[in-house]
Amino acid sequence: MTAFAAAAPADLLDRAYAACAQLARTHYENFPVASLLLPRRMRPAVSAVYAFARRADDFADEPGYTDAERLVLLDSWQQRLEASVAGKAQAADSDDLIFIAVADAIRTHDLPVSLFTDLLSAFRQDVCKKRYGTWTQVLDYCSRSANPVGRLVLRIAGYRDDVLDRSSDALCTALQLTNFWQDFAVDWRNGRLYVPRADCLVHGAGEAALDGAVTRAAAGQPAVMPPEWAAVMREVSRRTRLLFQEGRAVCDGVSGRLKYELRLTWHGGSRILERIERSEFDVLRRPALTAKDALVLAGRTALWSGA
């Protein structure tokens, strides 16, 4: 059991949670932070989780750092997490405020510190690992990059249920994978490929052909997805769709406003995957949702009709 220090003063906690909420409002992610559907009592803790993950993800992804510097920053983030739980965080800068809020959320909701550590391990992996050999390796990455978020949200909501945890894992993995396929070309230009090498070999999909197509598309020139790569994307999208189906149970297993938040999240990710499928798996250009899609998602959420 984690030993916690005493809670920070109320005025300091207010400042800390306000800083996390501000960060959440100024960044868009597929993450239930500022949504009006999220129960009000959950928002401060969820914002703290988001702020912790957002800043760490910036260290792993944002330009301006060498890989060595990224790893140092992430190691420091881990050390600050441990210090905050022990009550040693100071209010010297905005990052310190994040840790004051995180420590309070961990203490108040009895959140496993290991879930935060899992997130950091995934961010470190993004710095060091650019290719994946098998689907199992990709899923292992998702188990640390995405699934901890869902489990933290459930615990903040008061749920401790193995069945809900497993369904949440499936949904979070599906959302993470869909984000990979949505950002396929962007990731490729940044040197990353989350499609397993094993699937590329099965379909004869070579990186040279992909690079040429992505380069032409980025330059605004006519470009089509090489058919062998479209076949690979068809296969990984099929697996992602199955995970969405497994993830429906958590949307039915919670109650109140969180139920609608999760259903909207489910439909949002599923809709993006639907766009990819309708494009015949041409992900050279990033598929995005429109204002019309927002109406579709609202209707589907109200009716809770699956894709």
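The values are calculated or read from the model by the stated rules, or taken from the named source; none is laboratory data. Computed from a predicted model, the values in this text were never measured in an experiment. Because the Cβ atoms are built from the backbone with ideal geometry, glycine has one as well, and the counts that use them run over all protein chains shown.
Scanning segment 78-113 for residues that are assigned to a loop (DSSP other than H, G, I, E, B) and either modelled with pLDDT of 95 or more or touching a Ser or Thr at 6+ places or on another chain (Cβ under 6 Å) (or both) yields ASP110, LEU111, PRO112.
The requirement of being polar (S, T, N, Q), within 24 Å of CYS200 (Cα to Cα) and surrounded by 18 or more Cβ atoms within 10 Å (Cβ to Cβ) is fulfilled nowhere in segment 123-143; no residue meets it.
Might you let me know whether segment 165-176 holds any residue that is closer than 16 Å to ASP61 by Cβ and either at pLDDT 95 or above or out of contact with any helix residue (DSSP H, G or I) (no Cβ under 9 Å at 6 or more places or on another chain) (or both)? Yes.
Going by the structure shown, is ALA231 of a type in the set (A, V, I, L, M, F, W, C) and in contact with a helix residue (DSSP H, G or I) (Cβ under 6 Å, 6 or more places away or on another chain)? It would help to see each step written out before you state the result.
Numbers: of a type in the set (A, V, I, L, M, F, W, C): yes; in contact with a helix residue (DSSP H, G or I) (Cβ under 6 Å, 6 or more places away or on another chain): yes.
The answer is yes for ALA231.
Among residues of segment 279-293 that are within 17 Å of ASP183 (Cβ to Cβ), those with a beta-carbon under 7 Å from a residue that is in a loop (DSSP other than H, G, I, E, B) and β-branched (Val, Ile, Thr) at least six positions away or on a different chain give the pairs ASP282/VAL224.
With respect to the conditions (1) assigned to a helix (DSSP H, G or I); (2) touching a residue at least 40 places away in the same chain (Cβ under 8 Å); (3) in contact with a helix residue (DSSP H, G or I) (Cβ under 8 Å, 6 or more places away or on another chain), GLY133 lacks only one, and its number is (1). If I filter segment 194-212 for residues that are more than 30 Å from GLY158 (Cα to Cα), in contact (Cβ under 8 Å) with a residue 24 or more places away in the chain, of a type in the set (D, E, K, R) and surrounded by 17 or more Cβ atoms within 10 Å (Cβ to Cβ), do I get at least one hit? Yes: one or more hits. Any chance segment 196-212 includes a residue that's touching an Asp or Glu at 6+ places or on another chain (Cβ under 7 Å), modelled with pLDDT of 95 or more and on the phi > 0 side of the Ramachandran plot? Yes.
Can you pull out every residue in segment 137-194 that is at positive phi and in contact with a Lys or Arg (Cβ under 8 Å, 6 or more places away or on another chain)? Break it down into steps so the answer makes sense when it comes.
Applying the first criterion (at positive phi) to segment 137-194 yields 158, 191.
GLY191, the sole residue that qualifies.
Does TRP266 satisfy the condition of being assigned by TED's automatic domain parsing to the domain that holds LEU210, hydrophobic (A, V, I, L, M, F, W, C), under 25 Å from MET42 (Cα atoms) and surrounded by fewer than 21 Cβ atoms within 10 Å (Cβ to Cβ)? Considered against the rule, which asks whether it is assigned by TED's automatic domain parsing to the domain that holds LEU210, hydrophobic (A, V, I, L, M, F, W, C), under 25 Å from MET42 (Cα atoms) and surrounded by fewer than 21 Cβ atoms within 10 Å (Cβ to Cβ), TRP266 comes out as no. Considering the conditions (1) closer than 20 Å to GLU246 by Cα; (2) surrounded by 13 or more Cβ atoms within 10 Å (Cβ to Cβ), PRO287 is excluded by exactly one of them, (1).
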